[in-house]
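Right, one structure below, let's go through it.
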Amino acid sequence: MAAPIASVASQDPTQPAPTVTVQNGEIAPVAAPEATHQAEVAHGDAHGSGGLPQLEMQHWAGQIVWLLLIFVVLYILLSKVFLPRLRAVRDERAGTIAGAVDAARQVQTEAATQAEAAKAEVAKARADARATAAAAKARVTEEANARQAAEEAVVNARIAEAETAIGKTRDAAMANVSTIASDTARAMVERLTGKAATAAEADAAVKGAA
């Protein structure tokens, strides 16, 4: 612990008395406050008159060391932390894009395949429809021809029956015409001559006129 401060008088009364301290049995002078303040101001002026400290050569070694240290730390952070993460994000994005492109191509291929299959099915359906229509048309035509042939056969049979009936009617009419002519001839002879002619004479006269 420091001993009490003892002051001694200077021989010059115009000068302030120096202050001394006793530490460990030795007397040490203590600078006056004004002298200490002047020394600090002079020291500050000495530092301030040199400009920025980082531009002074005596500070360059420390600055270079810190610069290298910061560069190494930044290099380690970039190479070990940030760049791997950026590379992983880039690779993931590239993989996602490639997967999307492959999926789009696969979907396009499947769509083209389905379109070809649908086109083939449509063509087959059209061919089946045409074949069905042709078969139906042939069946209808065959049925119509058969029906027409049956109707023609019925009509021909009816025509034959009608011709037979007409022939019989004509023969009967012709027979009746001979009888009527014979009767008419007998009536005319009787009216003209006043005598009735026999049936044989009237028939002979009609046959002779025919």
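Quick check: is even one residue across segment 135-155 open to solvent by 70 Å² or more (accessible area, probe 1.4 Å), within 39 Å of the chain's Cα centre (by Cα) and β-branched (Val, Ile, Thr)?
So far as segment 135-155 goes, no, none of its residues is open to solvent by 70 Å² or more (accessible area, probe 1.4 Å), within 39 Å of the chain's Cα centre (by Cα) and β-branched (Val, Ile, Thr).
Is it true that Ala42 is modelled with pLDDT of 55 or more and part of a helix (DSSP H, G or I)?
When the stated conditions are applied, Ala42 does not pass them.
Mind telling me which of the residues Pro13, Pro29 ends up being surrounded by fewer than 11 Cβ atoms within 10 Å (Cβ to Cβ) and at pLDDT 50 or above?
Within the list Pro13, Pro29, the selection yields Pro29.
The values are calculated or read from the model by the stated rules, or taken from the named source; none is laboratory data. This structure is a prediction, so every number in the text was calculated from the model and none was measured. Reconstructed Cβ throughout: ideal geometry from the backbone, glycine too, with neighbour counts over all protein chains shown. Side chains included, ligands, DNA and RNA excluded: accessible areas come from the protein's heavy atoms. Shrake-Rupley method; radii C 1.70, N 1.55, O 1.52, S 1.80 Å.
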